[in-house]
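Take a look at the structure below.
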Amino acid sequence: MSRLDLVEEGTATTTGKGRLQRVPIPVQPPEERVDNFSEVSLGYSPEMARQEAARCLQCRRHPCVKGCPVGINIPSFLEAVAAGDFAGALSIIRQDNTLPAICGRVCPQEVQCESLCVLGRKGDPVAIGALERFVADWERAHPSCETGQTVKKATSRKAKVAVVGSGPAGLTAAAELSRLGYKVTIFEALHTPGGVLAYGIPEFRLPKSILADEFNSIVQMGVEIKTNVLVGRTLTIDDLFSKGFQAIFLGTGAGLPRFLDIPGEDLNGVYAANEFLTRVNLMKAYLYPQVDTPLYLGEHVVVVGGGNTAMDAARTAIRLGSEVTIVYRRTREDLPARKEEILHAEEEGVRFEFLATPVNIKSDGEGWVKAVECVKVIQGERLDNGRQSLEPIPGSEYLLAAESVIMAIGQGPNPIIAQTTPGLSSGDNGRIGVDAGTFKTSREGVFAAGDVTSGGATVIEAMGGGKRAARAIDHYLQRLRS
Amino acid sequence: MYKILAKDNIAPNIDKYIIAAPEVAAKTKPGQFVVLRLHEKGERIPISISDWDKEAGTITLIVQAVGHTTEQLAAMGVGDNILDLLGPLGQPAIIEPVGTVACVAGGVGTAIIYPEARRHREVGNRVLTLVGARNRECLFYQEELAATSDRVLVATDDGSYGHKGFVTDLLKQVIDDGTHLDHVIAIGPIPMMQAVAELTKRHEIKTTVSLNPIMMDGTGMCGACRVRVGDEIKFCCTDGPEFDAHLVDFASLLRRSRLYERTGFKAAIPAEDKAEGEAKGGECRCHG
Ligand SMILES: Cc1cc2nc3c(=O)[nH]c(=O)nc-3n(C[C@H](O)[C@H](O)[C@H](O)COP(=O)(O)OP(=O)(O)OC[C@H]3O[C@@H](n4cnc5c(N)ncnc54)[C@H](O)[C@@H]3O)c2cc1C
Ligand SMILES: Cc1cc2nc3c(=O)[nH]c(=O)nc-3n(C[C@H](O)[C@H](O)[C@H](O)COP(=O)(O)OP(=O)(O)OC[C@H]3O[C@@H](n4cnc5c(N)ncnc54)[C@H](O)[C@@H]3O)c2cc1C
Ligand code: SF4
Ligand code: SF4
Ligand code: FES
């Protein structure tokens, strides 16, 4: 596609020289940031944001919007940013997204909105995520503005709805239901709300103060939260119905860690990424002994996996002073993590071993990890799922020194609710089955969305699911009353 | 917040707490536990629910002060609040009419076995309770156990009460005397549970143990509590805490229970983060 075509696609009339190049986003230099937990990306200044937003061609067919799972009106919000109307931009975003400060930071934009940006064909796509983050942060700094953020508390609530889990799916469903006039109570097992946003994604990618603010705005809408309630144990689904909740939304995520099932996995020093990240993020073990939760890491850390979880674990371990190697069984191009996180991990000194997989974790003789034995693999024929088969190369075993090993190879849904709820069926992989479109589970009045139905996915998909499920619940409750 | 309504010292370093937790009390079954966190900077630790009262909305915890968090709890008193308390956690014990059961407890395991012994009695089983403790002073719940058991036998390490020796000696005696046991439940220190498992395996008596690996969330999310049972990795907090004693890999359990003998990482704590930690008013912890 030529430059001219690009102009035709859009309504913009000028194509300045800078049109194809993104305004760089300031970041903390790698050598500084490896010694702190502060946010890596510093975000745009207002001038930079206007300049970057002005690159948007305002395409009539706005393909970018199709790439956003919640369908934000991207060209309109970019137009407002370019015009310096940041409050206006934010109210456009808020029509479709409850948590812009979070999505702007953690969405895998390169495979979502930005992947379809017309400018990306010839140059850099518009930095949609960074601009979304910019306007959300701008509002935090200017709290008095009118952005649709402060929704009036509805006075007459139609019915009581319970939301189980306070990750992005649960929070979004709760906000939407509250906006629709329902009285919503969130039940969360942990002592802090947020799901993966609280215990998984580290401070240097998503500051906890941002999560706290987004959460508080949901509480201000009148949503109630009860922490320390494990649904299925403290209260069952039946208990919730008998307490007068007329519908229940399950947003319990996919928090059950998997292991490789190789020898030595029970040695001391082998962690599931969830344990390691929770110790650091939720329990703040990096402040030990000022907090009570300790952590042992050692000098060499091996992280197994290639997704966001692996990058987060590796970069956290780097900040705690270890030398870190990521072992991933496919190639760099196959890494499922966000592109930015891979780049940041490389800049921070994380080493990568591609086309290799651990087969044995060796003990130091006293029950602690001493090394990881890996084997090289080759990729073979393409499988039905589009990926290539993997074959270990006999005799290619080698040792990596390690005092800790962090397994970041994926998570499945927690079985507690399925086990304790009669009539709720779950699939082989433990996911809760729902009707596409209605989000109904096999149990009357119980709906689900987010990772518990999809398996590990993304924050924005969980939010999109939560929001659509909330509307399905509204529909269901209206039918129930009529 | 979960208020401590009563506290009683029942043995050296062992206190009994009655805590307001109506939702937990309403749901508890024998064999289950809670995870609690005392304050903002506290660690999450698991403690069994030793008794409960649905009407009063209370649970009873019996806690031995052995380390950092349990010592902080021991320093708390009636009227103080525990910040977070999650439960009841774990699968309830499977208690069915089977005939004769032996409840074998060591140390603070006595507190955990009590509600199970009581329930076994309720479903009609003949209950033999065997208790081991360091010395006479360390024994507790004797009246309660007497009331829920057909027979109670006691062993102390120093012989200050009952048999001098291990509780496993008592179990061996019972078996050697020709008492037919349909089920053995053993709860206590890992070496004691392992010894019971070895003994009953030889006699082919079905045996259940209640494991206590290190835990964090207690909801199946972190994997810290994983134990090898037969060919499988099980999460003690959601699959357990009770497992078939003859399948448990005790060596690995023991090894993993010493996880905190090593702590630390290389990085110096960044100054601003450190200041944050101190601002919240913590005290320095000396470990080991
Ligand atoms: C380390 C890590 C990094 C990630 N990075 C990214 C990223 O950069 N970008 C991105 O888009 N996605 C990322 N993801 C994926 C993303 O976080 C998830 O897809 C998303 O959080 C799913 O949201 P959810 O609301 O379905 O579930 P979760 O966020 O998992 O929340 C579920 C909540 O339910 C609670 N719960 C579970 N069971 C019960 C119960 N029985 N009773 C009460 N409460 C219960 C849990 O405690 C938890 O708080 C990452 C995931 C991880 C683990
Ligand atoms: C299912 C279950 C039920 C339990 N029930 C009881 C009970 O009813 N009464 C009682 O007194 N104790 C019980 N325990 C043991 C209790 O959890 C530990 O004594 C307590 O965690 C020690 O913490 P600490 O900070 O005082 O000790 P520290 O030695 O300072 O603890 C350091 C870390 O090791 C862990 N840890 C230390 N000892 C144990 C242990 N034996 N089991 C598990 N984790 C340990 C702690 O949780 C903490 O994370 C139970 C444990 C489990 C898993
Ligand atoms: S929510 Fe995510 S996908 Fe949608 S526009 Fe924002 S960054 Fe892009
Ligand atoms: S963001 Fe990209 S695709 Fe979307 S309207 Fe602007 S230039 Fe076109
Ligand atoms: S304590 Fe975390 S999974 Fe069991």
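The values are calculated or read from the model by the stated rules, or taken from the named source; none is laboratory data. Just so you know, these numbers come straight off a predicted model, no measurement behind them. Cβ coordinates were reconstructed from backbone atoms using ideal geometry, including for glycine residues, and neighbour counts include every protein chain displayed.
Being in contact with a Pro (Cβ under 6 Å, 6 or more places away or on another chain) and either assigned by TED's automatic domain parsing to the domain that holds A:Val164 or in contact (Cβ under 8 Å) with a residue 12 or more places away in the chain (or both): is that true of A:Gln411 here? Break it down stepwise before answering.
Working: in contact with a Pro (Cβ under 6 Å, 6 or more places away or on another chain): yes; either assigned by TED's automatic domain parsing to the domain that holds A:Val164 or in contact (Cβ under 8 Å) with a residue 12 or more places away in the chain (or both): yes.
For A:Gln411, the condition - in contact with a Pro (Cβ under 6 Å, 6 or more places away or on another chain) and either assigned by TED's automatic domain parsing to the domain that holds A:Val164 or in contact (Cβ under 8 Å) with a residue 12 or more places away in the chain (or both) - is met.
For the condition out of contact with any Cys (no Cβ under 8 Å at 6 or more places or on another chain), part of a helix (DSSP H, G or I) and more than 14 Å from chain A (Cβ to nearest Cβ), what is the one hit in B:Glu198, B:Glu204?
Details: B:Glu204 fails: part of a helix (DSSP H, G or I).
Sole residue among the options that is out of contact with any Cys (no Cβ under 8 Å at 6 or more places or on another chain), part of a helix (DSSP H, G or I) and more than 14 Å from chain A (Cβ to nearest Cβ): B:Glu198.
Is there a residue in segment A:440-457 that is free of Cβ contacts under 8 Å to residues at least 24 places away in the same chain and in contact with a strand residue (DSSP E or B) (Cβ under 8 Å, 6 or more places away or on another chain)?
yes
Sort out which residues of segment A:254-294 are within 8 Å of chain B (Cβ to nearest Cβ), surrounded by fewer than 23 Cβ atoms within 10 Å (Cβ to Cβ) and in contact with a Phe, Trp or Tyr (Cβ under 6 Å, 6 or more places away or on another chain), and write them in order of number.
Residues satisfying the conditions are A:Glu265, A:Pro294.
Name the residues in segment B:121-135 that are farther than 21 Å from B:Gln173 by Cα and not in a loop (DSSP other than H, G, I, E, B), would you? Give the derivation first.
Taking segment B:121-135 first, the residues farther than 21 Å from B:Gln173 by Cα are B:121-124.
Listed by number, the residues that qualify are B:Arg121, B:Glu122.
Is it the case that some residue within segment A:39-48 is within 30 Å of A:Arg315 (Cα to Cα), away from ligand 4 (no atom under 11 Å from the Cβ), within 14 Å of chain B (Cβ to nearest Cβ) and among the aromatic types (Phe, Trp, Tyr)?
No, that holds for no residue.
Name the residue, out of A:Ile326, A:Ile318, that is under 18 Å from A:Leu260 (Cα atoms) and crowded, with 21+ Cβ neighbours inside 10 Å. Outline the logic, then answer.
Details: A:Ile318 fails: under 18 Å from A:Leu260 (Cα atoms).
Criteria check complete, one pass: A:Ile326.
Filter segment B:207-226 for residues that are among the small types (Gly, Ala, Ser) and more than 14 Å from every other protein chain (Cβ to nearest Cβ) and give the result. Explain how you work it out, then say what you get.
The initial filter retains those residues of segment B:207-226 that are among the small types (Gly, Ala, Ser), namely B:210, B:218, B:220, B:223-224.
Matches in segment B:207-226: B:Ser210 only.
Within segment B:69-96, track down each residue that is within 14 Å of chain A (Cβ to nearest Cβ) and touching a helix residue (DSSP H, G or I) at 6+ places or on another chain (Cβ under 9 Å).
Hits for segment B:69-96 are B:Ile82, B:Leu85, B:Leu86, B:Gly87, B:Pro88, B:Leu89, B:Gly90, B:Gln91.
In segment B:1-57, what count of residues is obtained for those that are among the hydrophobic types (A, V, I, L, M, F, W, C) and assigned to a loop (DSSP other than H, G, I, E, B)? Show your work before the answer.
Of the residues in segment B:1-57, the ones among the hydrophobic types (A, V, I, L, M, F, W, C) are B:1, B:4-6, B:10-11, B:14, B:18-21, B:24-26, B:33-36, B:38, B:45, B:47, B:49, B:52, B:56.
Filter once more, keeping what is assigned to a loop (DSSP other than H, G, I, E, B): B:1, B:21, B:38, B:49, B:56.
Within segment B:1-57, residues that are among the hydrophobic types (A, V, I, L, M, F, W, C) and assigned to a loop (DSSP other than H, G, I, E, B) number 5.
Within segment B:58-74, is even one residue over 28 Å from B:Met221 (Cβ atoms) and of a type outside the set (S, T, N, Q)?
yes
Against the definition (facing another protein chain (nearest Cβ under 9 Å), more than 18 Å from A:Phe259 (Cα to Cα) and modelled with pLDDT under 80), how does B:Arg285 come out, yes or no?
Values: facing another protein chain (nearest Cβ under 9 Å): yes; more than 18 Å from A:Phe259 (Cα to Cα): yes; modelled with pLDDT under 80: yes.
It is true that B:Arg285 is facing another protein chain (nearest Cβ under 9 Å), more than 18 Å from A:Phe259 (Cα to Cα) and modelled with pLDDT under 80.
So how many residues does segment B:200-228 have that are aliphatic (A, V, I, L, M) and away from ligand 2 (no atom under 15 Å from the Cβ)?
The qualifying residues number 2.
Do we have A:Gly251 as closer than 30 Å to A:Arg315 by Cα, surrounded by 24 or more Cβ atoms within 10 Å (Cβ to Cβ) and either out of contact with any Pro (no Cβ under 9 Å at 6 or more places or on another chain) or more than 12 Å from chain B (Cβ to nearest Cβ) (or both) here? Write out each step before concluding.
Values: closer than 30 Å to A:Arg315 by Cα: yes; surrounded by 24 or more Cβ atoms within 10 Å (Cβ to Cβ): yes; either out of contact with any Pro (no Cβ under 9 Å at 6 or more places or on another chain) or more than 12 Å from chain B (Cβ to nearest Cβ) (or both): yes.
Yes.
Quick check on A:Ala80: is it in contact with a helix residue (DSSP H, G or I) (Cβ under 7 Å, 6 or more places away or on another chain) and more than 16 Å from ligand 1 (Cβ to nearest atom)?
For A:Ala80, the condition - in contact with a helix residue (DSSP H, G or I) (Cβ under 7 Å, 6 or more places away or on another chain) and more than 16 Å from ligand 1 (Cβ to nearest atom) - is met.
Can you tell me how many residues in segment A:349-371 are under 29 Å from the mean Cα position of the chain (by Cα) and either among the β-branched types (Val, Ile, Thr) or more than 17 Å from A:Ser389 (Cβ to Cβ) (or both)?
Step one: filter segment A:349-371 for residues under 29 Å from the mean Cα position of the chain (by Cα), giving A:349-358.
Subset that is either among the β-branched types (Val, Ile, Thr) or more than 17 Å from A:Ser389 (Cβ to Cβ) (or both): A:349-353, A:357-358.
Looking only at that region, the number is 7.
Tell me the residue from A:Gly365, A:Gly386, A:Gly349 that is outside any strand (DSSP E or B), over 30 Å from B:Arg256 (Cα atoms) and within 14 Å of another protein chain (Cβ to nearest Cβ), please. Steps first, please.
On the way: A:Gly365 fails: over 30 Å from B:Arg256 (Cα atoms); A:Gly386 fails: within 14 Å of another protein chain (Cβ to nearest Cβ).
Among A:Gly365, A:Gly386, A:Gly349, only A:Gly349 is outside any strand (DSSP E or B), over 30 Å from B:Arg256 (Cα atoms) and within 14 Å of another protein chain (Cβ to nearest Cβ).
Name the residues in segment B:207-235 that are away from ligand 1 (no atom under 16 Å from the Cβ) and either closer than 16 Å to B:Thr168 by Cα or of a type in the set (S, T, N, Q) (or both), would you?
The answer is B:Thr207, B:Thr208, B:Val209, B:Ser210, B:Asn212.
Tell me which residues, restricted to segment A:394-420, are more than 14 Å from every other protein chain (Cβ to nearest Cβ) and surrounded by 17 or more Cβ atoms within 10 Å (Cβ to Cβ). Spell out how you get there, then give the answer.
Of the residues in segment A:394-420, the ones more than 14 Å from every other protein chain (Cβ to nearest Cβ) are A:394-401.
Correct list: A:Leu400 only.
Please find, among A:Ile460, A:Ile473, A:Ile417, the residue that is within 30 Å of A:Arg351 (Cα to Cα), part of a helix (DSSP H, G or I) and assigned by TED's automatic domain parsing to the domain that holds A:Leu197.
A:Ile460
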